[in-house]
Amino acid sequence: MWQTLSIFLFLLPCLAAAEDLGAVDQPVPSPNGLFEVYRLPEGTDKDVNGKIYGYGTKLFVRLGHSQSQGILLRENTRWMAAQWSPDSNLIGVEDHWDGHASQIYVYKVTASADRKATVQQVFHTPENAYDLQWYIEGWGPSKNLLHLRRDQRTNDGIEAPASWKGHASIEHVTFKIKS
């Protein structure tokens, strides 16, 4: 029984961290407060009542508490989620470019001598296809470990790519992010 309890206590933080991220709709500050990621709509349109609404996502990073536009990380016609690494050096972005697909991008973020944010893409999920969704589950306690969930759906009549044959429909994977 002690062994079962030990395994449960070990997995409990993983279960707590497994909640899916929400779409970026408010600025997301880095843990150290130096940077923030924020969203602007990718475009605007009118609803059936003539009210203008914003759709899609343009995701920017800038120095925290800045009024500058910052640097465009990604844009799509749907939504994105983001999570900072505990040391504020990396930002992971879930790009939900379709209701059936998503990808993960990781950027190294630094401040330049002239007080501007600079970014460099350092990771992109290895497989990307329709019916394959990636989700950020969290950052590991050891530096630059990113925990992801990989969901593949094949129940809508689309044949799965050959590379999926050895995968379960839901997998939890960890990547060492080289920055």
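For the range 28-40, taking the residues that are closer than 23 Å to HIS124 by Cα and not in a strand (DSSP E or B), the one that is most open to solvent (accessible area, probe 1.4 Å) is identified as PRO31.
For (1) part of a strand (DSSP E or B); (2) of a type in the set (A, V, I, L, M); (3) over 14 Å from the mean Cα position of the chain (by Cα); (4) under 16 Å from THR110 (Cβ atoms), each residue gets a yes or a no:
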| residue | (1), (2), (3), (4) |
| --- | --- |
| ARG62 | yes, no, yes, yes |
| SER66 | no, no, yes, yes |
| LEU73 | yes, yes, no, yes |
| ALA82 | yes, yes, no, no |
| SER88 | no, no, yes, yes |
| VAL93 | yes, yes, no, no |
| HIS96 | yes, no, no, no |
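In the set (1) in contact with a Ser or Thr (Cβ under 7 Å, 6 or more places away or on another chain); (2) open to solvent by less than 50 Å² (accessible area, probe 1.4 Å), GLY70 fails one condition alone, (1).
Checking each residue in the range 47-57 for being open to solvent by 60 Å² or more (accessible area, probe 1.4 Å) and within 19 Å of the chain's Cα centre (by Cα) picks out only TYR55. Filtering the range 37-52 to residues that are of a type outside the set (Gly, Ala, Ser) and touching a residue at least 12 places away in the same chain (Cβ under 8 Å) leaves VAL37, TYR38, ARG39, LEU40, PRO41, GLU42.
The values are calculated or read from the model by the stated rules, or taken from the named source; none is laboratory data. Quick caveat, the model's predicted, so the values are computed rather than measured. Because the Cβ atoms are built from the backbone with ideal geometry, glycine has one as well, and the counts that use them run over all protein chains shown. Heads up: the accessible areas ignore ligands, DNA and RNA and are worked out on the full protein's heavy atoms, side chains in. Shrake-Rupley method; radii C 1.70, N 1.55, O 1.52, S 1.80 Å.
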